[in-house]
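The values are calculated or read from the model by the stated rules, or taken from the named source; none is laboratory data. Fair warning: this is a prediction, and the values are worked out from it, not measured in the lab. All Cβ positions, glycine included, derive from the backbone under ideal geometry; neighbour counts span all protein chains shown. Surface areas here come from the heavy atoms of the whole protein model, side chains and all, with no ligands, DNA or RNA. Shrake-Rupley method; radii C 1.70, N 1.55, O 1.52, S 1.80 Å.
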Amino acid sequence: SKDNIDKLLFDALDAHSKNEYQKAIKIYSIIINKKPDNEIKSIIYNHRGMAHFILSKYIKAINDFSSAIKFNPNNYRAWNNRGMTYKLQHNYDKAFDDFNQSININSCQLDGYYNRALTYIDLENYLMALEDCIKVLNIKPDFTPAQRLKTVIQSKIFDK
């Protein structure tokens with residue numbers, strides 16, 4: 001029932017927020033087994049993927065993010081999260097594909113551009129990283145991580 005799923009989701013998010021990731025994963029799995037609609041399934045898979053990610057279970061995380069995308073191809077957060085997981089594994093082509101897809105879905109969000117900037121930095125492509133940083137700051141001028149990153153990038157470009 002919807003009420004039961006809502007209660008379980010509350011419990012899962014509560015466990016997640018208390019860093020009780022194994023417990024959260026168990027509850028997310030129970031919710032998925034109750035076969036909620038695809039929109040909810042996508043959100044739950046994304047959350048469970050994040051819990052796996054935090055536990056460094058990257059294959060499980062990628063599988064969950066991929067399921068989140070399958071159930072809702074417009075879940076740009078799942079695209080970002082899978083992209084970050086690929087970036088961590090140095091699978092840069094797949095990371096860029098996911099960030100680009102996320103940005104195509106929602107061009108007004110920070111994470112796609114910011115994560116793509118971090119990926120460009122890994123590859124020492126500082127001009128492209130700077131471009132993405134500027135896009136982030138155009139959306140949210142007071143976003144401190146991007147302000148700091150822009151400073152670092154500029155020092156790399158101009159202190160050569």
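Computed quantities for the displayed model
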| quantity | calculated |
| --- | --- |
| Largest-first ordering by accessible area, 1.4 Å probe, given options 98, 159 | 159, 98 |
| Total lysine pairs whose alpha carbons fall under 19 Å of each other in the stretch 28-160 (8 or more apart, or interchain) | 14 |
| Per residue convex hull volume, Cα atoms of the stretch 24-160, in Å³ | 106 Å³ |
| Charge sum, other residues only, whose C-beta stays under 15 Å from residue 80's C-beta, Lys/Arg counted +1 and Asp/Glu -1 | +1 |
| FRET efficiency estimate (nearest 0.05) - Cβ-Cβ, residue 35 to residue 154, R0 45 angstrom | 0.35 |
| In degrees, nearest ten, helix 38-54 long axis to first principal axis of the chain (Cα) | 60 degrees |
| Full-stretch length increase - residue 88, residue 7 - with 0.36 nm per residue and alpha-carbon distance subtracted | 25.8 nm |
| Residue-level accessible surface for residue 23, protein heavy atoms, 1.4 Å, Å² | 110 Å² |
| Accessible surface, 1.4 Å probe, highest first, among residues 70, 18, 34 | 70, 18, 34 |
| Range of Cα positions in the stretch 31-99 per principal axis (Å), largest first | 35, 25, 12 |
| Extension gain from residue 122 to residue 55, taking 0.36 nm per residue of separation minus the Cα-Cα distance | 21.9 nm |
| The stretch 134-160 and the stretch 100-117: distance between their alpha carbon centers, rounded to Å | 16 Å |
| 152, 136, ranked by accessible area, largest first (probe 1.4 Å) | 152, 136 |
| Portion, in percent, of the accessible area of the chain that falls on carbon or sulfur, probe 1.4 Å | 52 percent |
| Cα-based helix-to-principal-axis angle, 2-17 vs the chain, degrees rounded to 10 | 50 degrees |
